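For reference, the structure discussed in these notes is given below.
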Amino acid sequence: MIDLMSIARTEHDGGDLFGLLSNLFEPTDERPSGYPEAVIWQGGNHDTVVKPVAHSLTDAYALLGTIAALDVLGLPFYAVPMWAQYRHDSKLASLAWFGNMNCTSIKWSTAGDAYVNDGNGGKVVVMGKSGNAALRTQAGVYCNVRPYGPITVVRSMPCLPYSQNRAVFNVSADTGIIHSEMNTPGLQMAYANRLFLKMVNDSGSLGRVAMKPTQAMEDGINAGLHSWLLQGTKFTVGRKYVIDGYVEHKEAVDRIIALLPDDFKAGMESWQGQIEQHISDTNYGLLLWDLIDNRDCIVLATDLDGDRLTDLLADVSDPLRAFGGLVAKHLGQEVDSAELWEQMGYTTGNGRDMTSVMYRMSGPPIYEQTLGSADAMLLRLLDGDESVGGTKKPYDPRIHFVLIRQAYLDANPDNDDLRRWFDEAIVTFDQIYAGERPGFIEGYKQLKSGITPWGG
């Protein structure tokens, strides 16, 4: 058994967490591309049958949840030290290590991952920033895909629709960078658009485009790349932008196209599906209807608008269930809205089960999850009252196991034995956490005894 409480106290007290974890995990010869000095640990059963996944060791409860889940499951893994204080002390070098690992990876974000101790009892921001933006740049991320019930949002990252001054707007023929108030990478836009169209083709879902091509110059270029990619395909476009972005910005878009691989559109001549082009703001109302109608759809948006859309999806299900309960009560019926919601075929929860995958122009994907209350949950654990006087339930770490399952199956798509083993492990988890939810340490002990580790 790993002494998780010792790890929690060490991190909270600003102790030697690096030394503690160095004694827990073994160093490995595995190195990210271009970073021979990187600190990488390994653990689990490296049996050559299962390809390892890289895990970032971030902050607070996310750190504990990662370590506990890895210990329970026993799968081969690499671990990169990534908690906020370490990122600060290493001058963010660990972001580059993690972002360039040559395997599928998992990154946790927490509300407190931008803050470190200043040595005087206060908090300061980590090197001026949180880790996410820098990591995405280091890793060459071009989009973030977040499935939630019937709706999947493809966020083109780090593409932001801001610029409106045509006179100072330009696209570099050397880099594809869109120069304006922001420096938006046009190549990432192209990759995100192509992935969006591939997902629509492969899934048969409705495709919705959420851009502002008449307001923001970046989105004019984005719409132009989208239009160019549609050429020569079998996609049907219902609602169309008034102006074709490729026609309007052809010279600038062609500069980006010239930098793409020659085979960038290979095979797209057979792709098909229904595409609807909308001004991004209208998607908020449309997605409410898509959610209510249980309509399978995929939405392409910029990072900013995509963030707003996923926030809406994460927050909206609870109000919808609550309103349904009010309607039922008005009609003289008392119902369990959550149970009724499930009976009606809705699969959206309350945002805590929303996963995310960041795709890179080169290299395997990075699975990502936010645990916003990680700091508060850590304090509850250390205070010895996870229920806060009976007002809250202990934390449910199921998302750790679900996210790990998704990442390992993505890295090992043809391993049916691994899939069956994971399914059995999730069933065991649900049995342990059904009914009266155990505390974190108690749950860890029960999972250790209830789940046979991989290769064990």
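The values are calculated or read from the model by the stated rules, or taken from the named source; none is laboratory data. Remember, predicted model here, so these are calculated numbers, not experimental data. When we count neighbours, we look across all protein chains shown, and the Cβ atoms used for this are built from the backbone with ideal geometry, even at glycine.
Values computed for the structure shown
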{"quantity": "Residue among 433, 395 that alone is in contact (Cβ under 8 Å) with a residue 40 or more places away in the chain, surrounded by 13 or more Cβ atoms within 10 Å (Cβ to Cβ), outside the structural domain of residue 149 (by TED's automatic domain parsing) and more than 18 Å from residue 53 (Cβ to Cβ)", "calculated": "395"}
{"quantity": "Residue 78 of a type outside the set (A, V, I, L, M, F, W, C) and in contact with a His (Cβ under 8 Å, 6 or more places away or on another chain)", "calculated": "yes"}
{"quantity": "The stretch 352-392: number of residues that are in contact (Cβ under 8 Å) with a residue 40 or more places away in the chain and charged (D, E, K, R)", "calculated": "6"}
{"quantity": "Helices (runs of 4 or more DSSP H) contained in the stretch 37-117 and holding at least 3 residues modelled with pLDDT of 90 or more", "calculated": "60-73, 93-99"}
{"quantity": "Some residue of the stretch 10-17 being touching a residue at least 40 places away in the same chain (Cβ under 8 Å) and hydroxyl-bearing (Ser, Thr, Tyr)", "calculated": "no"}
{"quantity": "Filtered residues of the stretch 25-39 (kept if touching a strand residue (DSSP E or B) at 6+ places or on another chain (Cβ under 9 Å) and either touching a residue at least 40 places away in the same chain (Cβ under 8 Å) or under 17 Å from residue 59 (Cα atoms) (or both))", "calculated": "25, 28, 30, 32, 38, 39"}
{"quantity": "Where residue 225 falls short, out of the listed (1) of a type outside the set (Gly, Ala, Ser); (2) surrounded by 20 or more Cβ atoms within 10 Å (Cβ to Cβ); (3) touching a residue at least 60 places away in the same chain (Cβ under 8 Å); (4) within 19 Å of residue 359 (Cβ to Cβ)", "calculated": "(3)"}
{"quantity": "Single match in 252, 216, 258 (criterion: in contact with a Pro (Cβ under 8 Å, 6 or more places away or on another chain) and farther than 20 Å from residue 200 by Cα)", "calculated": "216"}
{"quantity": "When residues of the stretch 118-136 are limited to those that are outside any loop (DSSP other than H, G, I, E, B) and among the basic types (Lys, Arg), the one surrounded by the fewest Cβ atoms within 10 Å (Cβ to Cβ)", "calculated": "123"}
{"quantity": "Flag for residue 303 being modelled with pLDDT under 85 and touching a Pro at 6+ places or on another chain (Cβ under 7 Å)", "calculated": "yes"}
